Amino acid sequence: QVQLVESGGGLVHPGGSLRLSCAASGSSFSMYAMGWYRQVPGKQRELVARITLGNTNYADSVKGRLTISEDNAKNTVYLQMNSLKPEDTAVYYCNGVVYYSGRHEYWGQGTQVTVSS
């Protein structure tokens, strides 16, 4: 069973930075894709950034401010968040997809990011 463990959330002032980490464990296979989603109360979970076989894609609202990267040796994906805005406030979830006998998708427990003065 794959486990995704997030860390790095917290409270930051507008314009500040945070770095989220997500470590994957329990899989004998390499992750096909890993990414970050976020959700605020009353809204659907939305894609923030994803890296799939080394290729990245971002939500338009975060382009130029948030950067996703990975360390394959550590099975870890990062989200560097710069120039944060109050509207970035959300619970951020790590997501991972692995293929073995079909497609399997996993989620982390979520980490709160609050951008407020």
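The values are calculated or read from the model by the stated rules, or taken from the named source; none is laboratory data. None of the values given here were measured: they were computed from a predicted structure. Here the Cβ positions follow ideal geometry from the backbone for every residue, glycine too, while neighbour counts run over all protein chains shown. Note: areas computed on protein heavy atoms with side chains; ligands, DNA, RNA excluded. Shrake-Rupley method; radii C 1.70, N 1.55, O 1.52, S 1.80 Å.
Details
- Any chance Leu66 is of a type outside the set (Val, Ile, Thr) and in contact with a Gly (Cβ under 9 Å, 6 or more places away or on another chain): no
- Residue check, Val91 modelled with pLDDT under 95, surrounded by 15 or more Cβ atoms within 10 Å (Cβ to Cβ), assigned to a strand (DSSP E or B) and in contact with a strand residue (DSSP E or B) (Cβ under 8 Å, 6 or more places away or on another chain): no
- Residue-level check: of (1) in contact (Cβ under 8 Å) with a residue 24 or more places away in the chain; (2) in contact with a strand residue (DSSP E or B) (Cβ under 6 Å, 6 or more places away or on another chain), Tyr58 misses just (1).
- When residues in the stretch 51-74 are screened for being surrounded by fewer than 15 Cβ atoms within 10 Å (Cβ to Cβ), in a loop (DSSP other than H, G, I, E, B) and of a type in the set (D, E, K, R), 1 of them pass.
- No other residue among Val48, Val98, Val77 is part of a strand (DSSP E or B), among the β-branched types (Val, Ile, Thr), within 24 Å of Ser117 (Cα to Cα) and open to solvent by less than 10 Å² (accessible area, probe 1.4 Å) apart from Val48.
- For the stretch 101-117, a residue qualifies if it is part of a strand (DSSP E or B) and open to solvent by 70 Å² or more (accessible area, probe 1.4 Å), and the qualifying residues are Arg103, Glu105, Trp107, Gln112.
- Among the candidates Gly64, Gly54, Gly102, residue that is at pLDDT 95 or above and more than 17 Å from Tyr37 (Cβ to Cβ): Gly64
- Top-ranked residue in the stretch 18-37 [being over 15 Å from the mean Cα position of the chain (by Cα) and assigned to a loop (DSSP other than H, G, I, E, B); ranked as surrounded by the most Cβ atoms within 10 Å (Cβ to Cβ)]: Ser27
- Single condition Val5 does not satisfy, out of (1) more than 14 Å from the chain's Cα centre (by Cα); (2) more than 13 Å from Val113 (Cβ to Cβ): (1)
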